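A.B. asks: Below is a structure I'd like to ask you about.
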Amino acid sequence: MIARQLITESIPPLDPMESGTNALGMMDELQVSQLPIVENKEFKGLISDTDILNLNNFSETIGNHPLSLSNAYIRGNQHIYDVIRLFNSMKLDILPVLDEKNHYIGSITLSGLIHPISEMMALDNPGGIIILEINDKDYLLTEIAQIVESNDAKILGMYITTYPDSTRMDVTLKLNKIDVGAILQTFIRYNYIIKASFSEDTNVESLKERFDSLMNYLNI
């Protein structure tokens with residue numbers, strides 16, 4: 001999936017001649033902290049509520065505001081992993097999408113990423129979840145898959161959570177079986193540490209935790 005396919009129609013761009021007051025009102029209405037500024041299809045930058053508040057002149061047109069997020073954008077043909085990386089690294093609510101001529105073609109919202117991420121992680125499929133705690137030097141995907149498949153199950157999705165200044169990591173497995181008891185016993189026989197297990201995905205993690213976990217899986 002690429003950035004162009006993730007664009008939402010719910011985010012209108014701002015004209016540079018809009019006042020700070022109007023921009024803040026639109027941000028409040030849309031429940032976002034940033035909005036793109038576009039003039040004749042040309043992307044001028046992403047303005048944040050902080051940019052407007054820092055200037056302390058709400059009647060000033062936003063085209064005259066210094067922008068702290070002038071380089072916050074992605075190309076339409078870039079992968080969803082790049083989209084997630086920029087959302088995470090720049091702490092964005094909105095990510096503008098540009099074509100090869102720097103023309104604005106739309107925006108991606110953080111909330112709009114939830115369904116694609118859910119599909120990537122097979123969160124909508126029924127099945128159990130196992131979280132393994134592993135030393136990074138002991139991580140063997142082939143062995144993990146073999147253990148799961150030896151119990152007539154399949155891995156539908158997997159991601160890794162790493163921790164700063166630690167060689168430990170969590171490997172979260174989404175399986176196509178709800179009853180994971182036999183699989184857990186096999187992992188234990190192979191000396192794996194079972195950090196947690198769930199028979200169904202019933203709000204196991206909050207939205208923020210899922211998103212942060214995927215960040216770590218992508219090593220960003």
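A.B. asks: Identify, from the list 134, 144, 108, the residue that is out of contact with any helix residue (DSSP H, G or I) (no Cβ under 8 Å at 6 or more places or on another chain), buried (at least 17 other Cβ atoms within 10 Å of the Cβ) and part of a strand (DSSP E or B).
C.D. replies: Going through 134, 144, 108 in turn, just one is out of contact with any helix residue (DSSP H, G or I) (no Cβ under 8 Å at 6 or more places or on another chain), buried (at least 17 other Cβ atoms within 10 Å of the Cβ) and part of a strand (DSSP E or B): 134.
A.B. asks: Filter region 161-198 down to the residues that are in contact (Cβ under 8 Å) with a residue 60 or more places away in the chain and either of a type in the set (A, V, I, L, M, F, W, C) or within 19 Å of residue 127 (Cα to Cα) (or both) and list them by number.
C.D. replies: 193, 194, 195, 196, 197, 198
A.B. asks: Is it fair to say residue 118 is more than 27 Å from residue 7 (Cα to Cα) and surrounded by fewer than 17 Cβ atoms within 10 Å (Cβ to Cβ)?
C.D. replies: So residue 118 does not fit the description; no.
A.B. asks: Name, by its number, the condition in (1) surrounded by fewer than 16 Cβ atoms within 10 Å (Cβ to Cβ); (2) more than 13 Å from the chain's Cα centre (by Cα); (3) touching a residue at least 60 places away in the same chain (Cβ under 8 Å) that does not hold for residue 89.
C.D. replies: Of (1) surrounded by fewer than 16 Cβ atoms within 10 Å (Cβ to Cβ); (2) more than 13 Å from the chain's Cα centre (by Cα); (3) touching a residue at least 60 places away in the same chain (Cβ under 8 Å), only one is false for residue 89: (2).
A.B. asks: When you go through 39, 18 one by one, which is the residue that is surrounded by 14 or more Cβ atoms within 10 Å (Cβ to Cβ) and touching a strand residue (DSSP E or B) at 6+ places or on another chain (Cβ under 7 Å)?
C.D. replies: After ruling out the rest, the residue left standing is 18.
A.B. asks: Would you call residue 150 at pLDDT 95 or above, more than 30 Å from residue 71 (Cβ to Cβ) and of a type outside the set (A, V, I, L, M, F, W, C)?
C.D. replies: yes
A.B. asks: Still on this structure, I have one more. Within region 62-69, is even one residue of a type in the set (S, T, N, Q), over 22 Å from the mean Cα position of the chain (by Cα), farther than 17 Å from residue 99 by Cβ and at pLDDT below 95?
C.D. replies: yes
A.B. asks: Quick check on region 106-140: of everything there that is modelled with pLDDT of 90 or more and within 17 Å of the chain's Cα centre (by Cα), which residue is farthest from residue 167 (Cα to Cα)?
C.D. replies: Within region 106-140, the match that is farthest from residue 167 (Cα to Cα) is 107.
A.B. asks: If I filter region 147-177 down to residues being touching a strand residue (DSSP E or B) at 6+ places or on another chain (Cβ under 6 Å) and hydroxyl-bearing (Ser, Thr, Tyr), which single residue comes out as surrounded by the fewest Cβ atoms within 10 Å (Cβ to Cβ)?
C.D. replies: Ranking the qualifying residues of region 147-177, first place goes to 167.
A.B. asks: Mind checking which residues of region 1-15 are surrounded by 16 or more Cβ atoms within 10 Å (Cβ to Cβ) and either free of Cβ contacts under 8 Å to residues at least 40 places away in the same chain or charged (D, E, K, R) (or both)?
C.D. replies: 4, 15
A.B. asks: Any residue that is more than 30 Å from residue 70 (Cα to Cα), at pLDDT below 95, small (Gly, Ala, Ser) and surrounded by 18 or more Cβ atoms within 10 Å (Cβ to Cβ) - is there at least one of those in region 204-218?
C.D. replies: Within region 204-218, none of the residues are more than 30 Å from residue 70 (Cα to Cα), at pLDDT below 95, small (Gly, Ala, Ser) and surrounded by 18 or more Cβ atoms within 10 Å (Cβ to Cβ).
The values are calculated or read from the model by the stated rules, or taken from the named source; none is laboratory data. These numbers were taken from a predicted model, which means no experiment stands behind them. Cβ atoms come from the backbone with ideal geometry, glycine included; neighbour counts cover every protein chain shown.
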